[in-house]
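Colleague: The structure under discussion is supplied below as structure tokens; questions concerning it will follow.
The values are calculated or read from the model by the stated rules, or taken from the named source; none is laboratory data. As the structure is a computational prediction, the values presented were derived from the model and not from experiment. Here the Cβ positions follow ideal geometry from the backbone for every residue, glycine too, while neighbour counts run over all protein chains shown.
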């Protein structure tokens, strides 16, 4: 059912999750309370692209509640999401040392939870690192972390948010490497094509949530096939859909990929237009780390 919810419905669901957390606190169900807060945070960050400064302060509150109730596993997941928010905001703060209860680094966290009971935490940490790398245009690192997550098998009921976004990331990374013309290109093409087919099914269920992702994957595929006209059409459709459906983070990503496409074909003016639009999206989102990366790209081209 969650596959077909639109962004306004998801945002309304966020409020319901907060209400559920409050009601759970009233009846003393701390486990359900923390589960609701964890789901809320995942939806806000991955699915909705909500304002990062707001998420920062909310996560600080949620982590304190998790520590208070001694729900270590949920609190670690919240801490990983908090770390991603801080990185995106370019905040020079080690969130792991801030909370003395844990006193660890991300590498320590990965080692600590390297057993079946902690596989979900390990996958989330890999997803977080892949997400940050992909939005930073470091596809090599993104690929490494997407591969690393397969060491931690998922259960029968994986969290839909992570599963969906990993599929999207794996498709974009695969199509990027397919363009590098290495010995693994055919496998990358097959993976990219498979993700596109999956995204078509999801878009048929909810055009609102998945059309921009589908169009962006298709744009990268046509880029691979050197079909300039279709690639341009699909990049524009991805940007428009992300804008209309208020996925500001994915609008920024689509503009960044479109800029790199135009640079490949020596269209500097078009590339700069998309880089500037990406910068505006990332500023609105609050992702100053991505703003800085995009500004560097703009400076190189002017």
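Colleague: Which is free of Cβ contacts under 8 Å to residues at least 40 places away in the same chain and more than 16 Å from residue 235 (Cβ to Cβ), of 279, 269?
Modeller: Criteria check complete, one pass: 279.
Colleague: Now, a different point. Of the numbered conditions (1) over 30 Å from residue 199 (Cα atoms); (2) modelled with pLDDT of 80 or more, residue 88 satisfies every one except a single condition; which is it?
Modeller: Here residue 88 clears every test but (1).
Colleague: Can you find a residue that is in a helix (DSSP H, G or I), within 24 Å of residue 131 (Cβ to Cβ), more than 21 Å from the chain's Cα centre (by Cα) and without any contact (Cβ under 8 Å) to a residue 60 or more places away in the chain anywhere in region 220-230?
Modeller: Within region 220-230, one or more residues are in a helix (DSSP H, G or I), within 24 Å of residue 131 (Cβ to Cβ), more than 21 Å from the chain's Cα centre (by Cα) and without any contact (Cβ under 8 Å) to a residue 60 or more places away in the chain.
Colleague: Only one of (1) modelled with pLDDT under 95; (2) crowded, with 16+ Cβ neighbours inside 10 Å; (3) over 20 Å from residue 135 (Cα atoms); (4) in contact with a helix residue (DSSP H, G or I) (Cβ under 6 Å, 6 or more places away or on another chain) is not met by residue 245, so which one is it?
Modeller: (3)
Colleague: Could you tell me whether region 183-200 includes any residue that is more than 25 Å from residue 144 (Cα to Cα), touching a helix residue (DSSP H, G or I) at 6+ places or on another chain (Cβ under 9 Å) and either in a helix (DSSP H, G or I) or in contact (Cβ under 8 Å) with a residue 24 or more places away in the chain (or both)?
Modeller: Yes, some residue in region 183-200 is more than 25 Å from residue 144 (Cα to Cα), touching a helix residue (DSSP H, G or I) at 6+ places or on another chain (Cβ under 9 Å) and either in a helix (DSSP H, G or I) or in contact (Cβ under 8 Å) with a residue 24 or more places away in the chain (or both).
Colleague: Go through region 274-299 and give me each residue that's crowded, with 19+ Cβ neighbours inside 10 Å, under 21 Å from residue 241 (Cα atoms) and more than 16 Å from the chain's Cα centre (by Cα).
Modeller: Result: 274, 275, 277, 279.
Colleague: Scan region 292-302 residue by residue and report those that are touching a helix residue (DSSP H, G or I) at 6+ places or on another chain (Cβ under 8 Å), farther than 21 Å from residue 236 by Cα and modelled with pLDDT of 95 or more.
Modeller: Residue satisfying the conditions is 295 alone.
Colleague: Could I ask something else about it? Just the residues that are modelled with pLDDT under 90, closer than 22 Å to residue 258 by Cβ and more than 14 Å from the chain's Cα centre (by Cα), please, taken from region 139-195.
Modeller: 180, 181
Colleague: Within 15 Å of residue 168 (Cα to Cα) and at pLDDT below 95, is that true of residue 203?
Modeller: So residue 203 passes the test.
Colleague: Scan region 258-273 residue by residue and report those that are in a helix (DSSP H, G or I) and either surrounded by fewer than 24 Cβ atoms within 10 Å (Cβ to Cβ) or over 20 Å from the mean Cα position of the chain (by Cα) (or both).
Modeller: If the condition is that a residue be in a helix (DSSP H, G or I) and either surrounded by fewer than 24 Cβ atoms within 10 Å (Cβ to Cβ) or over 20 Å from the mean Cα position of the chain (by Cα) (or both), then 260, 261, 262, 263, 264, 268, 269, 270, 271, 272, 273 are the ones that fit.
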